[in-house]
1. Residue by residue through the stretch 201-225, note down the ones that are in contact (Cβ under 8 Å) with a residue 40 or more places away in the chain and in a loop (DSSP other than H, G, I, E, B).
2. Could you check Ser135 against (1) within 29 Å of Gly31 (Cα to Cα); (2) modelled with pLDDT of 95 or more and say which number it fails?
3. With the condition kept exactly as written, say whether any residue in the stretch 145-156 is surrounded by fewer than 22 Cβ atoms within 10 Å (Cβ to Cβ), assigned by TED's automatic domain parsing to the domain that holds Val227, over 27 Å from Tyr50 (Cα atoms) and not β-branched (Val, Ile, Thr).
4. What is the residue count in the stretch 79-105 for residues that are farther than 17 Å from Asn43 by Cα and either part of a loop (DSSP other than H, G, I, E, B) or free of Cβ contacts under 8 Å to residues at least 60 places away in the same chain (or both)?
5. Filter the stretch 49-70 down to the residues that are farther than 14 Å from Arg13 by Cα and either touching a Pro at 6+ places or on another chain (Cβ under 9 Å) or of a type in the set (Gly, Ala, Ser) (or both) and list them by number.
6. In the stretch 157-175, which residues are touching a strand residue (DSSP E or B) at 6+ places or on another chain (Cβ under 8 Å) and either among the small types (Gly, Ala, Ser) or not in a loop (DSSP other than H, G, I, E, B) (or both)?
7. Considering only the stretch 3-19, I want to know if a residue exists there that is assigned to a helix (DSSP H, G or I), of a type in the set (Lys, Arg) and more than 21 Å from the chain's Cα centre (by Cα).
8. Can you tell me how many residues within the stretch 226-278 are free of Cβ contacts under 8 Å to residues at least 40 places away in the same chain, of a type in the set (Val, Ile, Thr) and under 21 Å from Arg52 (Cβ atoms)?
Amino acid sequence: MSAQILDGRSIARDIRREVRLEVAELTKRTGLVPCLATILVGNDPASTTYVRNKVRACMEVGIVSVGIDLPADLPQDALLHEIARLNRDPSVHAILVQLPLPPHISERLILETILPEKDVDGFHPSNLGGLLAGSPLFVASTPLGILELLTRSNVAIEGKHAVVVGWSVVVGKPTAFLLLQQQATVTICHIKTRDLGFHTRQGDILVVAAGKPALVTGSMVKEGAVVIDVGVNRLADGSLVGDVSFPDVAAKVSLITPVPGGVGPMTVAMLLKNTVHACRLACGGASRGGVESVH
């Protein structure tokens, strides 16, 4: 068996085209232009690249992007003050703080300070709790992108056994709850799971987001499974690889995402959708609803 590639770049392009039309319609109807404020603390190369890609995507679809670059030694209180200012600014509909933050700053405190209705990353406790209850204002862009990738690729989720490797609040846990909302049977594992291969081999849908290169090999996957590789790991030679050993896994499964070009573009595309949703919330054009009704 040779896997079909789940082309995140192609699907993300379709989503961006849709968002561009949504932005034009929303602006024509309300006079508002969706605005995303991105905060970058320090000059981490990977974070700088991620923010630059998000800014470029905003420009492409007509979303206003406000970039705030701050020094790595910025006091925590100064960052809290900046977020409070953006919370009060009615022209800013969405706020994104690029992670990771410098070690002297509490990520939890910073994320809790962003208003839930501007929290397009979906990391505020209110939105994480809303996901558990089935009614978040926002879901994190990467898990949302994974679900959208599966849906637009006509992958059946209901009744399937989905295995998620990784338990972070950024990817693993939200992805598991989204799949559960779609009536999959979900197993959550991580790199400390005993006999990880036993569990991953049960997965009709396998999502790997553990941050370890080639963690999952061909012997650890089910024949014909759908594999979503969320990992982005830079090797010593500068190349990017995922958490899945691509050649031997691709020879055994039915569908697989590449790295790069799989989940990454979907993350950015769903951030754009979240930003438009935030603008609608600001003008009273959207309401809280179940996960299946968000976007």
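The values are calculated or read from the model by the stated rules, or taken from the named source; none is laboratory data. These numbers were taken from a predicted model, which means no experiment stands behind them. Ideal geometry is used to build each Cβ from the backbone, glycine not excepted, and the neighbour counts take in all protein chains shown.
1. Answer for the stretch 201-225, where residues must be in contact (Cβ under 8 Å) with a residue 40 or more places away in the chain and in a loop (DSSP other than H, G, I, E, B): Gln202, Gly203, Asp204, Ala209, Ala210, Gly211, Leu215, Glu223, Gly224.
2. (2)
3. Yes, there is a match, as at least one residue in the stretch 145-156 is surrounded by fewer than 22 Cβ atoms within 10 Å (Cβ to Cβ), assigned by TED's automatic domain parsing to the domain that holds Val227, over 27 Å from Tyr50 (Cα atoms) and not β-branched (Val, Ile, Thr).
4. So the answer is 15.
5. Gly62, Ile63, Val64, Ser65, Gly67
6. Gly159, His161, Ala162, Val163, Val164, Val165, Gly166, Gly172, Lys173, Thr175
7. Checked the stretch 3-19: no residue is assigned to a helix (DSSP H, G or I), of a type in the set (Lys, Arg) and more than 21 Å from the chain's Cα centre (by Cα).
8. 2
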